[in-house]
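Engineer: I'd like to ask some things about the structure below.
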Amino acid sequence: MTRLLDPAALRAAAPALFLLLLVVAIAIAEPGFGTPDTILIVLADTTTLFTLAAGVTFVILLGSIDLSIPSVASLSTVIVALLLPQIGVGAFAVALAAGATAGLVSGVVHVRLRVPSFIATLASGGVVGGVALYISDARNIAIPAETRALLDWITGTTIGVPNIIGVGVLALALGVYLQRYSRFGRYSLAIGAGEPAAWAAGIRVNRHKILAFVLSGAFAALAGILLSARLASGSPTVANQLLLPAISAVLVGGTAITGGIGGIGRTLVGALTVSVVRIGMTFLGVNIFAQQMVFGTVLILAVAITLDRGKILIAK
């Protein structure tokens with residue numbers, strides 16, 4: 001009983017409890033929201049956002065940020081749309097490699113040149129976005145109907161369940177393994193909790209930071225692949241509106257912007273919360289243009305709640 005009333009335990013459980021209460025409240029107001037078909041729609045719709053947010057979680061756990069993820073995801077959709085008719089499933093590997101390379105560049109600029117992650121990833125995101133615009137001629141690229149069968153592993157269904165949910169489960173399993181059961185995950189939390197102590201403990205902090213950005217880029221590319229499959233096209237700007245929801249998903253789930261606290265499981269809760277808010281507003285007839293205002297408000301509240309003020313003497 002004492003454990004249940006522990007403030008730290010209650011704080012950790014708050015995002016999941018809020019998600020549960022939110023689902024129940026919307027289902028009561030609009031019973032159609034609680035049907036199995038709607039739940040599957042929510043899960044399928046959340047997968048792309050979760051995949052994008054899962055990658056940046058590794059970076060935020062370090063106390064850094066990656067603002068290049070929407071540009072990387074957009075570039076990935078363009079690569080898939082351009083190369084799928086030419087090299088088949090090899091297009092997916094090229095997209096993932098491009099995303100990992102973009103993350104590598106961001107990480108090297110941040111670590112080796114000692115550029116703050118905010119600036120490093122903002123700049124690299126601009127470069128990646130420029131590449132996407134150049135190779136696509138600044139236009140949307142439709143994936144030919146004859147090659148869309150190669151996307152069935154994303155767009156198809158298995159025993160009535162959308163395959164994209166299965167892809168999301170695999171991404172979740174990989175993220176949980178890396179974060180909980182590998183040295184990478186333990187080192188992430190250690191660096192985020194106190195970088196000087198991590199250096200003193202012999203952790204190769206710089207190499208670890210670069211690897212985190214590589215993972216963020218690879219997950220962003222995977223999110224782009226999912227997005228291109230669902231839209232049957234690629235676009236150099238298609239993911240531009242996903243940065244705020246992705247960062248919101250990480251922070252709403254309870255991962256601290258200052259690092260050292262959180263994880264992939266919490267990001268899943270945050271991504272589901274963001275999706276339920278958005279889809280729930282649609283069910284309740286709320287104007288779709290209010291979504292950005294809601295996300296902005298939620299982001300401010302999430303940062304205010306999770307911020308470790310002991311690490312920040314002065315807010316700049």
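Engineer: Let me check against my output: what whole-number percent is the relative contact order of the chain, with C-alpha pairs under 8 Å and at least 6 apart?
Structural biologist: Averaging sequence separation for qualifying contacts and normalising by length gives 32 percent for the chain.
Engineer: Related question: What accessible area per residue comes out for region 167-206, rounded to a whole number of Å², with a 1.4 Å probe? Intermediate values should be presented prior to the final figure.
Structural biologist: Details: 2320 Å² over 40 residues.
Per residue, region 167-206 has 58 Å² of solvent-accessible surface.
Engineer: If you don't mind, there's one more thing I want to ask. Once you've got the GNM for the chain with C-alpha springs shorter than 10 Å, pick whichever of LEU222, LEU272, LEU170 has the biggest mean-square fluctuation.
Structural biologist: Maximum fluctuation in the GNM of the chain, among the listed residues, is at LEU170.
Engineer: Scan region 172-263 for chymotrypsin sites (Phe, Trp or Tyr not before Pro) in coil per DSSP, keeping those whose Cβ has at most 10 other Cβ atoms within 10 Å, and list them by number.
Structural biologist: Working: sites: TYR177, TYR181, PHE184, TYR187, TRP199, PHE213, PHE219; in loops: TYR181.
Within region 172-263, the qualifying chymotrypsin sites (Phe, Trp or Tyr not before Pro) (loop, at most 10 other Cβ atoms within 10 Å) are TYR181.
Engineer: Under DSSP H, which helices of the chain have Cα atoms covering 30 Å or more of the helix axis and a Kyte-Doolittle average no less than -1.0?
Structural biologist: Values: long enough: 7-29 (32 Å, 2.24); 36-60 (34 Å, 1.56); 90-112 (32 Å, 1.44); 205-231 (39 Å, 1.28).
Span-like helices here: 7-29, 36-60, 90-112, 205-231.
Engineer: Taking H as built 1.01 Å from N, whose amide H comes closer than 5 Å to the amide H of SER233, not counting residues under 5 places away?
Structural biologist: When sequence neighbours closer than 5 places are left aside, the close amide H contacts are ILE143.
Engineer: I want to verify a result. In a Gaussian network model of the chain, Cα cutoff 10 Å, which of these has the top mean-square fluctuation: LEU189, LEU20, LEU122?
Structural biologist: Maximum fluctuation in the GNM of the chain, among the listed residues, is at LEU20.
Engineer: For region 141-220, give the magnitude of the charge dipole about the Cα centre (Cβ charges: +1 Lys/Arg, -1 Asp/Glu; no others), in debye to the nearest 20.
Structural biologist: Details: 7 positive and 3 negative charges, 91 e Å.
For this selection, approximately 440 debye.
Engineer: Nothing charged except the Cβ atoms of Lys and Arg (+1) and of Asp and Glu (-1): what's the magnitude of the dipole of region 166-271 about its Cα centre? Round to the nearest 20 debye. If you can, show how the numbers build up before the last one.
Structural biologist: Values: 8 positive and 1 negative charges, 51 e Å.
I would put it at about 240 debye.
Engineer: Report in % the part of the accessible area of region 224-304 that belongs to carbon and sulfur, leaving out ligands and nucleic acids; probe 1.4 Å. Present the calculation step by step, with values, prior to reporting the outcome.
Structural biologist: Details: 2140 of 3030 Å².
On region 224-304, the fraction of accessible area on carbon and sulfur atoms equals 71 percent.
Engineer: Rounded if a/c is under 1.5, else prolate if a/b is larger than b/c, else oblate: which is the chain, with a ≥ b ≥ c the root eigenvalues of its Cα gyration tensor?
Structural biologist: Details: a/c = 1.71, a/b = 1.09, b/c = 1.57.
The shape class here is oblate.
Engineer: Dipole of the chain, Cα-centred, from +1 at each Lys and Arg C-beta and -1 at each Asp and Glu C-beta, to the nearest 20 debye? Let's see the in-between values first.
Structural biologist: Working: 18 positive and 10 negative charges, 217 e Å.
Dipole of the chain, to the nearest 20 debye: 1040 debye.
Engineer: Any idea of the accessible area per residue across region 109-157, 1.4 Å probe, to the nearest Å²? Can you show the working numbers first?
Structural biologist: Working: 3040 Å² over 49 residues.
Here the per-residue accessible area is 62 Å².
The values are calculated or read from the model by the stated rules, or taken from the named source; none is laboratory data. The model shown is predicted, which means the values in this text are computed figures rather than measured ones. Positions of Cβ are backbone-derived with ideal geometry, glycine not excepted, and every protein chain shown enters the neighbour counts. Note: accessible area is taken over every heavy atom of the protein model, side chains too, but ligands, DNA and RNA are not part of it. Shrake-Rupley method; radii C 1.70, N 1.55, O 1.52, S 1.80 Å.
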